[in-house]
Amino acid sequence: MTNFSWPQVDGLAYGGDYNPEQWPRETWREDVALMREAGVNLVSVGIFSWAMLEPREGEYDFSWMDELLDLLHEHGIAADLATPTVAPPAWFYANHPDARVIDKDGLVVGPGSRGMASHSHPAYQEACVRISRRLAERYADHPAVVMWHVHNEYGVPVGEDYSPAAVAAWREWLKARYGSLDGLNQAWGTMFWGQVYGEWEHVGAPAKTATTGNPAQQLDFMRFTDDQLRACFSREKAAIREFATQPVTTNFMAHQSWNCDLWKWAELVDVVADDHYLWAPDPEAHVALALSADLTRSVARGRPWILMEHSTSAVNWQGRNVAKRPGEMRRNALTHLGRGADAIMFFQWRASRSGAEKFHSAMVPHAGPRSRVFREVVELGGHLADLAPVKGSEVRAEAAVLYDWESLWAQDLEWRPSDDVQFRERMRAFYERLWRDNVTVDFALPTHDLSAYKLVVAPASYLLTKDGAENLTRYVEGGGTLLVNFFSGIVDENEAVHAGGFLAPLKDALGVTVEEFLPLREGEGASVRWARGEETLLPADVWQEDIQLHGAEVVAEHISGPGAGKPAVTRHERGAGVGWYVGTRLDVRSLAPVFEAAYADAGIVPDRLPEDLEVVTRHGDGEDFVVAVNHADAPARLPLAGTDLLTGAVADGDLEIPAGGVAVVRRPGGAIA
Ligand code: GLA
């Protein structure tokens, strides 16, 4: 973030999306009274209101928004005012049919739902700037407006666009990137399958092809899409800035986002905001929540961030929409807080009676305020008031996990050595190992300054540039411990295999290269013999490979499968540091001894805490706030002294956290025990 600024709200922010245009005025009055009761101090308004603010092209009606903002202000509730550009009105599609998005299969995306029009069409771009400017001009000085919420979740439901407008912009983007067709042909390796281009007009978007398309072209199209989406944000932000000074944000989706490289997006917003929803099929969805929160804080470069949306209970868009059980919402909200959020918001304030999301939970459910959910919403509001001293404190991490959206885009293209190797699956497994060991992590790019971290973990660095690899090598030589998973260091920024073969750029850091991949058949299991300390067999699956040693020691070897007898895990001392390499798929449990050994090299001593007790510390000025979340069905004990801000109870070195409970303990700065 270039200019960090926080919305003007007292204490922590609490609230949610508010869509009162769906309700009569008497409900508005009930809403503000209930918001007061719940301690709500911030609501996001106008996100889907374009058709109500500009009923016909160029004709505006701000009367209801005037009334709404006045009402909120009278009741001491601040507004995060949105630009409504994620839901163009029906007139937009009727007046500008050629601004409709075309999908990869060539189908036109019509109105009647939500989702932006073509990010590259001048009519959509101009209409977005117009409505943003009108809103900013009118409300820049409204006392209720403390923040601007541009658009909604860029990248979904519309990201890639294959319309003529997008293809024209794509060609310009390619000309700027490569300068000449020779440069493009070289970068895309178009000699393969005779794809060489002789005219710019012949270069198309990677739409549907007979079989697998050019991977470098597809990767560039992801980069282009991300650039176009960011340009949309920047245009709207600039329009707001002509009149208004409040912080401007847009809501990310961290680990759930696909189209947006959030390292770049975070540079554009004044404060980072994120949406997170639990994925019901995941029985340990709270681990994914923690990952998402850490990733959000990391792209925010450690600054406080806004949890812009999560749910009070079930969502409506999964196959089976599992309701949160009593206490779960609090655990979720306070985990986000523990990992750096200074604002806790929901989608949405009041459940909609009509439309596609009527079965989505809300702060005020269909059952009304006399409901379990609303009682928990009020209780959480009370907690957040008590937690105001936490505001502005920071999370510190000794370890970093490498997370690069370009590598995600590239790795998950078609025709890979094994369908079972997935970026997100490996990211989760490695993160979960660290989570279970209570090692707090930041996320980082391979090119970042990593020198402050004792341990750097690379679960899925398939695309690794020469610069990134050199930085990692310097990190090891300077005394760092690097732990790299298989299928890393494979291709460069053009999706071309590195000269010298697989893993060649990390040869010095890890003391190994890979001669050949030996993926396993679906469902085929194997084991590796771990020969460091106590000899054990660790289950492994999916992947083996023919590792060539260049100075590394073998720490584990395959005992069956095509790689039987070959190295599976290696350790290499280089300069003042150590490079670890894992050449097979180990699950969270099998990863334990590998991480334990890497922690020892790194000088990290994890706190040995009960399984399923999540503990993370926010560091303030001379004091710490230890957020302890008990995910287990039984009480857990934590050796901790201080005052639980949620209950006022004073712990003298032995804190009991009830089953499913949370404590936020304020104590002088220091270590946990
Ligand atoms: C997203 C959107 C919201 C709403 C929720 C439902 O996060 O931003 O408008 O649709 O999902 O979970």
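Taking the condition modelled with pLDDT of 95 or more, away from the ligand (no atom under 13 Å from the Cβ) and touching a Ser or Thr at 6+ places or on another chain (Cβ under 7 Å), does A323 pass?
Judged against the criteria, A323 is a match.
Can we say Q318 is within 11 Å of the ligand (Cβ to nearest atom), within 25 Å of the chain's Cα centre (by Cα), assigned to a loop (DSSP other than H, G, I, E, B) and loosely packed, with under 15 Cβ neighbours inside 10 Å?
The answer is yes for Q318.
Return the only residue of E201, E160 being of a type in the set (D, E) and either surrounded by 15 or more Cβ atoms within 10 Å (Cβ to Cβ) or closer than 21 Å to W258 by Cβ (or both).
That would be E160, the only listed residue that is of a type in the set (D, E) and either surrounded by 15 or more Cβ atoms within 10 Å (Cβ to Cβ) or closer than 21 Å to W258 by Cβ (or both).
In this structure, does G661 turn out to be exposed (fewer than 15 other Cβ atoms within 10 Å of the Cβ), touching a Gly at 6+ places or on another chain (Cβ under 8 Å) and in contact (Cβ under 8 Å) with a residue 24 or more places away in the chain?
Values: exposed (fewer than 15 other Cβ atoms within 10 Å of the Cβ): no; touching a Gly at 6+ places or on another chain (Cβ under 8 Å): yes; in contact (Cβ under 8 Å) with a residue 24 or more places away in the chain: yes.
Considered against the rule, which asks whether it is exposed (fewer than 15 other Cβ atoms within 10 Å of the Cβ), touching a Gly at 6+ places or on another chain (Cβ under 8 Å) and in contact (Cβ under 8 Å) with a residue 24 or more places away in the chain, G661 comes out as no.
Run A239 past the list (1) among the small types (G, A, S); (2) under 30 Å from A452 (Cβ atoms); (3) modelled with pLDDT of 95 or more; (4) surrounded by 21 or more Cβ atoms within 10 Å (Cβ to Cβ) and report the number of the one that doesn't hold.
Only one criterion in (1) among the small types (G, A, S); (2) under 30 Å from A452 (Cβ atoms); (3) modelled with pLDDT of 95 or more; (4) surrounded by 21 or more Cβ atoms within 10 Å (Cβ to Cβ) is unmet by A239, namely (2).
Conditions tested, residue by residue: (1) more than 16 Å from the ligand (Cβ to nearest atom); (2) over 24 Å from M427 (Cβ atoms); (3) touching a Pro at 6+ places or on another chain (Cβ under 8 Å).
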site	(1), (2), (3)
E284	yes, no, no
G327	yes, yes, no
H336	no, no, no
P369	yes, yes, no
V373	no, yes, yes
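Do we have any residue at all in the range 347-365 that's among the β-branched types (V, I, T), more than 23 Å from T250 (Cβ to Cβ) and in contact with a strand residue (DSSP E or B) (Cβ under 7 Å, 6 or more places away or on another chain)?
Among the residues of the range 347-365, at least one is among the β-branched types (V, I, T), more than 23 Å from T250 (Cβ to Cβ) and in contact with a strand residue (DSSP E or B) (Cβ under 7 Å, 6 or more places away or on another chain), which makes the answer yes.
Working only within the range 458-492, note down all residues that are among the hydroxyl-bearing types (S, T, Y) and within 24 Å of D587 (Cβ to Cβ).
Within the range 458-492, S461, Y462, T481, S488 qualify.
Filter the range 399-429 down to the residues that are polar (S, T, N, Q) and part of a loop (DSSP other than H, G, I, E, B), then identify the one that is nearest to M222 (Cα to Cα).
Taking the candidates together, the pick is Q422.
Just to verify a result, which residue in the range 108-140, among those that are surrounded by fewer than 21 Cβ atoms within 10 Å (Cβ to Cβ), assigned to a loop (DSSP other than H, G, I, E, B) and within 29 Å of the chain's Cα centre (by Cα), is farthest from the ligand (Cβ to nearest atom)?
Checked the range 108-140; the qualifying residue farthest from the ligand (Cβ to nearest atom) is G110.
Report yes if G183 is closer than 30 Å to G15 by Cβ and either within 16 Å of the ligand (Cβ to nearest atom) or not assigned by TED's automatic domain parsing to the domain that holds D98 (or both), otherwise no.
Answer is no for this residue.
Only residues that are aromatic (F, W, Y), within 16 Å of the ligand (Cβ to nearest atom) and part of a loop (DSSP other than H, G, I, E, B): list them for the range 1-57, please. Lay out the reasoning, then the answer.
Here is the first cut: in the range 1-57, the residues aromatic (F, W, Y) are 4, 6, 14, 18, 23, 28, 48, 50.
Checking which are within 16 Å of the ligand (Cβ to nearest atom) leaves us with 18, 48, 50.
Passing the criteria: only F48.
What single numbered condition from (1) more than 16 Å from the ligand (Cβ to nearest atom); (2) over 20 Å from Q246 (Cα atoms); (3) surrounded by 15 or more Cβ atoms within 10 Å (Cβ to Cβ); (4) small (G, A, S) fails to hold for A90?
(3)
Scan the range 470-483 residue by residue and report those that are outside any strand (DSSP E or B) and closer than 14 Å to Y403 by Cα.
Correct list: L472 only.
Return the residues of the range 428-455 that are surrounded by 24 or more Cβ atoms within 10 Å (Cβ to Cβ) and farther than 19 Å from A290 by Cβ; say none if nothing qualifies.
P446
Has the range 158-177 got at least one residue that is within 23 Å of N3 (Cβ to Cβ) and in a helix (DSSP H, G or I)? Give the steps one after another, and end with the answer.
Taking the range 158-177 as the starting set, the residues that turn out to be within 23 Å of N3 (Cβ to Cβ) are none.
No, there is no match, as no residue in the range 158-177 is within 23 Å of N3 (Cβ to Cβ) and in a helix (DSSP H, G or I).
Kindly provide the set of residues from the range 257-299 that are assigned to a helix (DSSP H, G or I) and surrounded by fewer than 18 Cβ atoms within 10 Å (Cβ to Cβ), ordered by number.
Going residue by residue through the range 257-299, those that are assigned to a helix (DSSP H, G or I) are 262-265, 285-299.
Hits for the range 257-299 are K264, A285.
Quick one: is E160 over 29 Å from the mean Cα position of the chain (by Cα) and of a type outside the set (G, A, S)?
No, not satisfied.
The values are calculated or read from the model by the stated rules, or taken from the named source; none is laboratory data. These figures come from a predicted structure and were not determined experimentally. Don't worry about glycine lacking a Cβ; one is built from the backbone with ideal geometry, like all the others, and counts go over all protein chains shown.
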